[in-house]
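Student: Sending over a structure as structure tokens; questions will come in a sec.
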Amino acid sequence: MLVIRCKNYDECSKAASDIFKNALKENPNMILGLATGSSPIGIYQNLIKDYENGEISFKNVRTYNLDEYVGITREHPQSYYYFMNDNLFNHVDINKENVHVPFAYEGKYEESCKAYTEELKKVSVDIQLLGIGANGHIGFNEPKTSFDQETFIVTLTEKTREDNKRFFNSIDEVPTHAITMGIADIMRAKKIVLIACGENKAEAVKRLLSGEITTDFPASALHNHNDVVVVIDDAACKLLD
Ligand code: F6R
């Protein structure tokens, strides 16, 4: 696990986006695993600038997102599909047919999950971007999720719904379930970049960097991967040593 420590969110975003930019320059046909939430927004903004400067193109890039709420449409402004269009895809030259955000079709949850995992196995993600929850979740893999878990429908914890309510009018509007890549799907990516910024990530960063591997803390599975870069800022390092 390589740790890159930066002063603040902007520097973290630059360090992380440069990893993607350099990889895209080398291989414009890359398969990217992408995340939503507040952590990756700066990275996406930088990648949009890199695209506008003519440094990179997304024309031949394929993307697979980590997760999506269950029970809201793709057109819903809080859907992760909408988020990705708004924050990245609508601003670059990606072919929308190459964009994949999991979706749990009503009455076909099991099939939807199986199909997503099968496709991920087929394509093999080159770089997977991750944020981390205060409780160590990656994607929506909450504590106690098996490291062997593949794409599944998860019941969101109250803590996660509480953390995400800032994006909705009230806690009641936050969906109770999500479809998410499982830890096993995430671990199949060739490279993983995790970004964690701000004081509210300090506890999670401390636990991640302790090296302990336990299903109580899902992100600790990353210690079993041989190419993980963790990008953290000073605030997130507050509880270290
Ligand atoms: C998002 C995702 C989540 C977030 C995590 C951190 O696709 O899978 O695991 O990465 O909840 O969220 P932020 O970045 O908003 O702190």
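The values are calculated or read from the model by the stated rules, or taken from the named source; none is laboratory data. Quick caveat: nothing in here was measured; it's all calculated off a predicted structure. Don't worry about glycine lacking a Cβ; one is built from the backbone with ideal geometry, like all the others, and counts go over all protein chains shown.
Student: With the requirement that a residue be free of Cβ contacts under 8 Å to residues at least 40 places away in the same chain and either under 15 Å from the mean Cα position of the chain (by Cα) or not in a helix (DSSP H, G or I) (or both), what does the range 1-37 give you?
Tutor: Across the range 1-37, the qualifying residues are Ser17, Pro28, Asn29.
Student: Determine whether Thr145 is touching a residue at least 24 places away in the same chain (Cβ under 8 Å), crowded, with 19+ Cβ neighbours inside 10 Å, away from the ligand (no atom under 11 Å from the Cβ) and not in a loop (DSSP other than H, G, I, E, B).
Tutor: It is false that Thr145 is touching a residue at least 24 places away in the same chain (Cβ under 8 Å), crowded, with 19+ Cβ neighbours inside 10 Å, away from the ligand (no atom under 11 Å from the Cβ) and not in a loop (DSSP other than H, G, I, E, B).
Student: Can you pull out every residue in the range 150-169 that is buried (at least 18 other Cβ atoms within 10 Å of the Cβ) and away from the ligand (no atom under 14 Å from the Cβ)?
Tutor: If the condition is that a residue be buried (at least 18 other Cβ atoms within 10 Å of the Cβ) and away from the ligand (no atom under 14 Å from the Cβ), then Glu150 is the only one that fits.
This table checks each residue for (1) modelled with pLDDT under 95; (2) within 13 Å of the chain's Cα centre (by Cα).
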position: Tyr82; (1), (2): no, no
position: Asn87; (1), (2): no, no
position: Asn95; (1), (2): no, no
position: Val99; (1), (2): no, no
position: Pro102; (1), (2): no, yes
position: Cys113; (1), (2): no, no
position: Lys121; (1), (2): no, no
position: Ile127; (1), (2): no, yes
position: Phe140; (1), (2): yes, yes
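Student: Exactly one of these conditions fails for Met181: (1) more than 15 Å from the ligand (Cβ to nearest atom); (2) within 30 Å of Asp18 (Cα to Cα); (3) surrounded by 14 or more Cβ atoms within 10 Å (Cβ to Cβ); (4) not small (Gly, Ala, Ser). Give me its number.
Tutor: Among (1) more than 15 Å from the ligand (Cβ to nearest atom); (2) within 30 Å of Asp18 (Cα to Cα); (3) surrounded by 14 or more Cβ atoms within 10 Å (Cβ to Cβ); (4) not small (Gly, Ala, Ser), the lone unmet condition for Met181 is (1).
Student: Here's another thing I want to ask about it. Residue check, Ile4 against (1) away from the ligand (no atom under 16 Å from the Cβ); (2) modelled with pLDDT under 95, all met but one. Which one?
Tutor: Unmet for Ile4, out of (1) away from the ligand (no atom under 16 Å from the Cβ); (2) modelled with pLDDT under 95: (2).
Student: Restricting the search to the range 84-127, which residues are under 15 Å from Gly33 (Cα atoms), in a helix (DSSP H, G or I) and aliphatic (A, V, I, L, M)?
Tutor: Met84, Leu120, Val123
Student: Out of (1) out of contact with any Ser or Thr (no Cβ under 6 Å at 6 or more places or on another chain); (2) surrounded by 15 or more Cβ atoms within 10 Å (Cβ to Cβ), the odd one out for Ser220 is which?
Tutor: Only one criterion is unmet by Ser220, namely (1).
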